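First up is the structure itself, then whatever we jot down about it.
The values are calculated or read from the model by the stated rules, or taken from the named source; none is laboratory data. Worth saying up front: this structure is predicted, and the values here are computed from it rather than measured. Note that each Cβ is placed from the backbone with ideal geometry, even for glycine, and that neighbours are counted across all protein chains shown. Side chains are part of the model used for accessible areas, which takes the heavy atoms of the whole protein and leaves out ligands, DNA and RNA. Shrake-Rupley method; radii C 1.70, N 1.55, O 1.52, S 1.80 Å.
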Amino acid sequence: MELKSMGKNNILITGDVYSNAQIMEIFRVSNSGGIRFSIQTRSLVISSFHHSVSQKDVPYQDFWEKDTLHYTGQGKEGDQKLTRNNKKIVEANPDNLTIHLFESFVKGENIYRGIVYLSNNPYTVSELDANHNYRLVYKFPLTIKNGTGELTLSMFQRHKIQQEKHLQKLPHSKL
């Protein structure tokens, strides 16, 4: 596992699980959002969430191609724009911001995937938003530095169990 230093006492280990409180403390970021910027640590913290089966909760369709995550930009409804935090991703490389990627398959468990960089130009595709309307979203090809996009089978099995539990709680009309 690769060590990532964030200062005197904060060391992140690729593949380890961190709570949101730990992420907030280490990076000095806000408590929510898929893209969080910190002036103090010159970092962007990006979280890819896979733990919800609800389109309304998580209307993002991130996917991997080898060691590159095609990350969906910020904005749950309507066409996304290349402003605010979406723009920060594009400006990260020239502005010398470090982008840290976390991935979550189980609510409250954030797996540190490592440092990533924008490896190609962002592009747009059509996807459903939180209201089940088609809209244009930005996809950001984020490639892991010095690593791969592989996760252990146990991580995926835990995610599947979590989704099955969630589905069992839903009324039949929602399935």
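In Å², what does the accessible area per residue of segment 104-145 work out to with a 1.4 Å probe?
Roughly 43 Å² per residue, with all protein chains present.
Top to bottom by accessible area (1.4 Å), largest first, where do LYS88, LYS76, LYS107 land?
From most accessible down to least: LYS107, LYS76, LYS88.
Solvent-accessible area of HIS50, probe 1.4 Å, all protein chains present, reported in Å² to the nearest ten, please.
Using a 1.4 Å probe on the heavy atoms, I get roughly 40 Å².
What does the charge count around VAL29 come to, taking other residues whose C-beta lies under 13 Å from its C-beta (Lys +1, Arg +1, Asp -1, Glu -1)?
+3
Can you give the FRET efficiency to the nearest 0.05 for VAL125 and GLU25, using r as the Cβ-Cβ distance and R₀ = 30 Å?
Efficiency at R0 = 30 Å is approximately 0.30.
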